[in-house]
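Participant: Mind having a look at this structure? Questions to follow.
The values are calculated or read from the model by the stated rules, or taken from the named source; none is laboratory data. Computed from a predicted structure; not experimentally measured. Virtual Cβ from ideal backbone geometry, glycine too; neighbours counted across all protein chains shown.
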Amino acid sequence: MTPAELQQLLIKHASGVPGITAAPRDDENPYGLTVTLEGGDRAWWTTTGASLVPGPAPGTRLPGEDLVPLPDLTGRSAPVAVVEQALIATAGRPLRRPDL
């Protein structure tokens with residue numbers, strides 16, 4: 001997985017997290033990410049590398065493997081670590097529309 005592919009994966013999956021939106025950064029960081037919380041707070045990341053470890057197909061889990069819990073980000077603000085947890089949690093889950 002390239003940094004560009006990881007960036008797109010995180011943007012795509014972040015759309016399923018209530019309370020945040022993610023987009024490419026609008027500066028000189030080509031693989032950066034801007035995450036905006038519904039209260040207006042923002043967090044920025046730069047992806048400097050990515051690797052793909054062979055394993056099960058995306059969205060599948062190994063027996064006994066727990067998913068990272070998806071935090072509630074619908075409030076006014078959240079610590080950066082909680083926003084990171086949301087991105088990690090969504091990257092390992094199949095995409096689902098919230099209304100289904």
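Participant: So how many residues does the stretch 45-100 have that are under 24 Å from Pro24 (Cβ atoms), modelled with pLDDT under 60 and not basic (Lys, Arg)?
Facilitator: The total comes to 6.
Participant: Name every residue in the stretch 18-30 that is at pLDDT below 85 and surrounded by 14 or more Cβ atoms within 10 Å (Cβ to Cβ), in order of residue number.
Facilitator: Of everything in the stretch 18-30, just one residue is at pLDDT below 85 and surrounded by 14 or more Cβ atoms within 10 Å (Cβ to Cβ), namely Asn29.
Participant: For residues that are surrounded by 14 or more Cβ atoms within 10 Å (Cβ to Cβ) and of a type in the set (Val, Ile, Thr), scanning just the stretch 1-17, find the one that is modelled with the lowest pLDDT.
Facilitator: The qualifying residue modelled with the lowest pLDDT is Val17.
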